[in-house]
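In what follows, a structure is listed as structure tokens, so that the remarks can point back to it.
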Amino acid sequence: MSPKDTPALPTKLVITPQPTNLSVPATHIPAPAAIRKTFKIKRATIRSVLKKKGKKLRYNSNGVRITLDQKTLKEIRKRTKSTVYLTLESTERPVLSAKAKKIVGSRPVYKLSMKDKTGKKITWLKKGKVIIEVRYKPSKTEKKKRYVACRISQKGNAKKIANAHNNIKTKRIKIKTNHLYSFAVGYKA
């Protein structure tokens, strides 16, 4: 489904219990893929969040949380004049190297992408960071502390993401990045 075919969804800003965040409730666009969340970010929404110093835009939906800070929103506003679509989806597993297979195992590989209404892709941000939090389910034989987030290259190599944090209590991997790429939850034995 292209952004042009996407029906307009209402975006309602809600102040969250944390005074420094704005939250947009699950306005995702359903798609046939198993895990695919497309968040529509209107210019009016960006403008509204930027007027409130220190606020962030946060999307929550079914175990996925994506947060955009002020610098990120300013960068998006500078790069495009139209609505932006931020998509997180599970992808077909690329051919992984032997080393990557040991780390990733049978866990899903996700792809994060952003494009505007015209289809222009935004693959990296000069300023600001996108924060992605994905819930994971640990197996009974694995130690929770050993989960890591890995960037998956086009060649199928897995590289640990430096700005990633494993929250054992919430069972979420949190990634801060300025590049939009494929990644997976991995396990360091």
> Of the residues GLY156, GLY186, which single one is touching a Leu at 6+ places or on another chain (Cβ under 8 Å), more than 28 Å from VAL49 (Cβ to Cβ) and not aromatic (Phe, Trp, Tyr)?
Replying inline: GLY156
> Among LYS176, LYS160, LYS171, which is the only one that is without any contact (Cβ under 8 Å) to a residue 60 or more places away in the chain, surrounded by 15 or more Cβ atoms within 10 Å (Cβ to Cβ) and touching a helix residue (DSSP H, G or I) at 6+ places or on another chain (Cβ under 9 Å)?
Replying inline: LYS171
>> Being closer than 27 Å to SER153 by Cα, modelled with pLDDT under 85 and of a type in the set (Lys, Arg) is true for just one of ARG36, ARG65, ARG79. Which residue is that?
In response: ARG36
>> Suppose we filter THR118, THR87 for residues that are hydroxyl-bearing (Ser, Thr, Tyr) and more than 14 Å from the chain's Cα centre (by Cα); which single one remains?
In response: THR118
>> Consider region 163-179. How many of its residues are within 11 Å of ILE132 (Cβ to Cβ) and either charged (D, E, K, R) or part of a loop (DSSP other than H, G, I, E, B) (or both)?
In response: 4
> Would region 54-66 turn up any residue that is surrounded by 20 or more Cβ atoms within 10 Å (Cβ to Cβ), of a type in the set (Ser, Thr, Tyr) and not in a helix (DSSP H, G or I)?
Replying inline: yes
> Considering only residues of region 110-129 that are under 23 Å from ARG93 (Cα atoms) and hydrophobic (A, V, I, L, M, F, W, C), which is surrounded by the fewest Cβ atoms within 10 Å (Cβ to Cβ)?
Replying inline: TRP124
>> I'm checking my understanding of the structure. Among residues of region 85-102 that are modelled with pLDDT under 90 and β-branched (Val, Ile, Thr), which one is surrounded by the most Cβ atoms within 10 Å (Cβ to Cβ)?
In response: THR91
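The values are calculated or read from the model by the stated rules, or taken from the named source; none is laboratory data. These numbers were taken from a predicted model, which means no experiment stands behind them. Here the Cβ is made from the backbone with ideal geometry for all residues, glycine too, and neighbour counts use every protein chain on show.
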